[in-house]
Structures are given as structure tokens and as C-alpha cells.
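The values are calculated or read from the model by the stated rules, or taken from the named source; none is laboratory data. Source: prediction; values computed, not measured. Quick reminder, even Gly has a Cβ in these numbers, built from the backbone with ideal geometry, and neighbours come from all protein chains shown. Remember, those area values only see protein heavy atoms, side chains included, never the ligands or the DNA or RNA. Shrake-Rupley method; radii C 1.70, N 1.55, O 1.52, S 1.80 Å.
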Amino acid sequence: MKQPKLVYANARGEVMNHHRYLPTGRTGAYLTDIEPAEWIPLPKGATLAWLPGTRVIGVRPDTGEMVQLEGDTYAVGALLPQGFTRLYLPGYVKRSRDAEPLPLFGYTAVGWLDGEFVVAADATDNPDLWDPSAIADGEVEAAVERILAEHPENRLYAHLSHCALGYGCLTAKNTFLGRLEGALPISSTCNAACVGCISEQPDDAPFPSPQVRLNFRPTVDELVDVMMTHIRRNPQGIVSFGQGCEGEPATRWPDIVQSIRRVREQTSDGYININTNGGLTRPLQAIVDAGLDLMRVSIISALPDHYNAYYKPRGYGVENVAATLRYAAEQGVYTSINYLVFPGVTDREEEVEAMVEFLRDTGVRLVQMRNLNIDPEYYMERIPAQRGELLGMKQVMDIFRSECPGLDVGSYTHVPPVRRK
Ligand code: SF4
């Protein structure tokens with residue numbers, strides 16, 4: 001099989017391919033070759049980013065030797081849309097130890113093959129549902145205008161209009177278009193302080209959080225208004241507490257319980273989901289008892305030292321997260337994990353063994369592979385040293401499927417196969 005050519009950028013961010021060298025990838029801190037079969041065409045909706053402060057590494061095809069590209073040349077990474085799992089990071093080294101950390105994105109290795117860009121990734125789920133280009137121009141703007149006019153008092157719609165039009169958040173857009181999964185941000189506080197939190201970073205952090213947390217407390221009336229409007233327009237739709245523009249939703253569990261009860265008094269249509277870190281077990285049990293349909297727990301590792309180093313949890317640990325998932329599954333809630341994955345860490349033997357045990361113990365039904373959005377050096381300097389054998393990201397997904405019968409591996413929240421009784 002033909003190998004792609006190396007892709008790099010100059011200091012103006014112009015992307016070009018090398019006429020001879022082949023690309024490298026990275027798994028954790030290790031540079032590596034990439035097998036021809038591990039490349040796929042650049043997906044629709046993906047974007048390319050040049051990586052300041054880096055020096056790109058290529059392979060001489062005649063000798064197999066790895067070489068640094070000289071001059072003003074930089075690495076390029078692809079930012080993948082939903083539906084794709086990154087297999088390798090771009091092949092580069094930082095130009096200096098004090099190079100600025102890269103912004104919070106999930107950088108993937110890129111190549112050039114037969115006139116097109118290719119990426120080192122796996123097509124893990126149907127990308128069409130979350131393809132940003134599937135929404136016609138002007139459609140969101142018109143829907144936002146209409147909904148804001150129909151719900152002038154609802155501050156949540158006003159907040160989500162910024163998310164939809166400003167950040168381009170797909171879940172916020174769905175909320176105005178009445179399709180698929182709608183957003184219900186509710187909380188500005190969190191019981192964790194993740195290293196790569198996308199809604200809040202400490203003042204001294206070297207990069208800003210891509211989103212800003214909502215700064216008001218939506219009322220139960222405002223929440224029920226958004227939930228009922230979405231479900232009436234889309235009886236198979238999902239409404240989700242826990243969005244990128246907030247903290248931990250379960251910190252406001254009494255209002256979530258009330259909202260679920262008020263919606264279920266009016267309709268049995270639609271699906272009510274919560275995206276959570278799973279740490280507040282008792283409050284989340286109350287939310288389950290109120291009639292929750294789906295629960296997605298965000299997790300980076302089942303190993304306490306790694307989990308604690310990344311999440312910096314306040315007053316809980318991985319065992320609480322497991323207890324939350326176990327209870328929800330026992331009560332018939334369709335449970336999934338939002339698995340923050342990173343080549344060279346996730347596919348370590350000890351991580352995979354611990355996660356297989358966690359999945360079996362908690363009865364999780366779906367693993368959503370989420371490419372971790374963070375500067376690789378910044379992340380790896382803040383977690384325990386990785387030890388075990390590297391298995392490869394594709395193998396990780398195969399192992400989950402073979403070791404946990406009935407488990408699905410995908411990329412985003414799906415309508416459950418059966419409705420909770
Ligand atoms: S659990 Fe979510 S909101 Fe809380 S710190 Fe982590 S990423 Fe941020």
C-alpha cells in the first residue's frame with residue numbers, strides 16, 4: 001500500500017507537502033511510523049491547524065531514518081469531527097522546553113496522498129449525524145430568531161443563541177432546529193478542576209478555556225420550557241443536562257429532579273440525558289429515581305492516580321463514579337462513558353486492563369471515544385508516568401468489544417435501543 005507524503009507548514013501557516021519524506025506520528029512521547037492501513041481520507045468537517053513552537057519530523061523513505069525538517073517549518077495537526085477516533089498525534093518535537101502550550105484541541109497526524117489530505121484515524125461512528133456542513137447556511141440564524149421571539153423571557157434560549165451562533169456548538173444549534181440532541185446547561189460550579197477543562201481554566205493557565213461558563217441559574221420553568229419545546233418538535237429527541245459551557249450539572253440536582261418530574265407529568269416522549277463526571281453519587285441517584293433515561297459519565301482513566309491527576313476531584317474518587325454508574329444501570333438507565341482518549345496513554349496495558357474491569361463492573365452499555373483536547377506535553381507532564389506495553393488505539397476498541405460482550409463503541413450519545421421501563 002502506498003504511503004502518504006509528509007505535510008508541514010511555514011511560519012505564515014501555509015500548509016504544504018514534502019516531495020520525498022514520509023510522515024511520522026506520535027504515541028505519547030514516542031515518534032513512530034504509521035502503517036498504510038491506518039490512514040483514512042480527511043473527513044468532512046475536519047480542520048487543519050499549524051502547530052507553533054514545533055519542529056516537524058519526517059522519515060527518509062530510502063533509509064527509514066527519522067529527520068527533522070530544517071528552517072521555518074512546523075507540524076500540522078487535524079482537528080477531527082465527531083465519529084472519528086485519533087490513532088496518532090502529529091510527528092513533532094517542541095522547539096524548546098518553554099514553548100507555549102498549544103490551545104485545547106485534539107491534534108491528529110496528517111499526510112498527503114494522491115492529491116488529498118489523509119489522517120491517522122478510525123471511523124468509529126456514523127459521522128453524518130454530527131456533520132456541521134449538513135446544516136444549511138442561514139438555517140440556524142432563522143431558527144434562533146424565531147425561537148427567541150417565541151420565548152422572549154427565557155434566558156436559557158438567549159444564552160444558547162450565543163453558543164449556537166458564537167461558538168458554533170452543534171448541540172446548541174440542534175436546540176433551535178429541534179433536531180437530535182438539545183442542550184440544557186444549568187450549573188456554573190463544579191466538584192472537579194480538570195487540567196483540560198473547556199469551560200473554566202485557572203487565571204495562571206497558559207491557555208484560555210474555549211468556552212465561558214453560563215453566569216446565571218436557569219429556573220425550573222426555563223428548563224422545562226426548553227425541554228418540552230424540543231420534545232414536542234422531536235418526540236425521538238434527546239435533551240441533555242451537562243454541556244461544554246457549564247460546570248457539573250448534578251450540583252443543581254434538586255432543580256433537575258423537579259424539571260424531569262414536570263416533563264414526565266406532561267409527556268413520555270423524548271429522552272432525558274445527563275452528561276456528568278459522576279462524582280456526586282447520591283444526588284445522581286435522586287436524578288435517576290426522578291425518571292432519567294440516559295447517563296453519560298466523562299472519564300479519562302479507571303486508575304485512581306491518573307484520574308485524580310487529571311480531574312482533581314473535590315470530595316470524590318473513581319469508586320464514587322463507579323457506584324453512580326452501577327446504580328443507574330441497575331435502574332434501567334442507558335449508561336455510557338465519555339472516554340477521553342489519548343494515543344500513548346489510553347492504549348497502555350494497565351489502562352486497558354483497568355478500564356475493561358471498570359466496564360464489566362459498572363454495566364456500561366456504550367463507550368464514546370472522545371479525542372482528548374489538550375497540548376500533549378502539557379498533559380503528559382501532569383499525569384503519572386506510563387509504564388505498560390503500548391497496544392494501539394484500534395486494538396483498545398477491539399479489546400473492549402471482545403472482553404465486554406454487548407458493549408457498543410461509538411463517538412456520541414445515541415437513542416437507547418430500548419426505552420427505560
Ligand atoms: S468535570 Fe467538566 S466542568 Fe468540571 S472541571 Fe472537568 S471538564 Fe470542567
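Below are the figures for this structure:
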quantity: Degrees separating the helix 253-266 axis from the principal Cα axis of the chain, which is the longest one; calculated: 60 degrees
quantity: Net charge contributed by nearby residues that have their C-beta within less than 12 Å of L184 (K/R +1, D/E -1); calculated: -4
quantity: Equivalent ellipsoid semi-axes - Cα gyration tensor, region 138-206, angstrom; calculated: 27, 13, 11
quantity: Solvent-accessible area, 1.4 Å probe, carbon plus sulfur percent, for the chain; calculated: 50 percent
quantity: Cα-based Kirkwood hydrodynamic radius, region 240-324, one decimal, Å; calculated: 13.5 Å
quantity: The chain: antiparallel DSSP beta bridges as a percent of all, rounded to 5; calculated: 60 percent
quantity: Hydrodynamic radius by Kirkwood, which averages 1/r over all alpha carbon pairs of region 5-127, in angstrom; calculated: 14.3 Å
quantity: Kirkwood Rh and Cα Rg combined as Rg over Rh, evaluated for region 37-102; calculated: 1.00
quantity: Surrounding net charge for G291, when Lys and Arg each add one and Asp and Glu each subtract one, Cβ distance under 9 Å; calculated: +1
quantity: Per residue accessible area in Å² of region 136-190, where ligands, DNA and RNA are left out and the probe is 1.4 Å; calculated: 43 Å²
quantity: Among E141, E381, E200, residue whose mean-square fluctuation peaks in a GNM of the chain (springs only between Cα atoms under 10 Å); calculated: E381
quantity: Cα centre as origin, Lys/Arg/Asp/Glu Cβ charges: the chain dipole, Debye; calculated: 560 debye
quantity: Euclidean distance between Cα centres, region 355-391 to region 208-249, Å; calculated: 27 Å
quantity: Highest average packing first - 187-194, 57-64, Cβ atoms within 10 Å; calculated: 187-194, 57-64
quantity: Cα radius of gyration and Dmax for region 144-295 (Å); calculated: 14.9, 47
quantity: For S209, distant residues with modelled amide H under 5 Å away; calculated: Q201
quantity: Local electrostatic count at L148 - Lys and Arg +1, Asp and Glu -1, tallied over other residues with Cβ under 12 Å; calculated: -2
quantity: Charge dipole magnitude, Cβ of K and R +1, D and E -1 - region 270-421, Cα centre, debye nearest 20; calculated: 700 debye
quantity: Rg/Rg_ref, the chain, where Rg_ref = 2.2 N^0.38 Å and atoms are Cα; calculated: 0.99
quantity: Region 305-380: trypsin sites (Lys or Arg not before Pro) in DSSP loop, at most 16 other beta carbons within 10 Å; calculated: R314
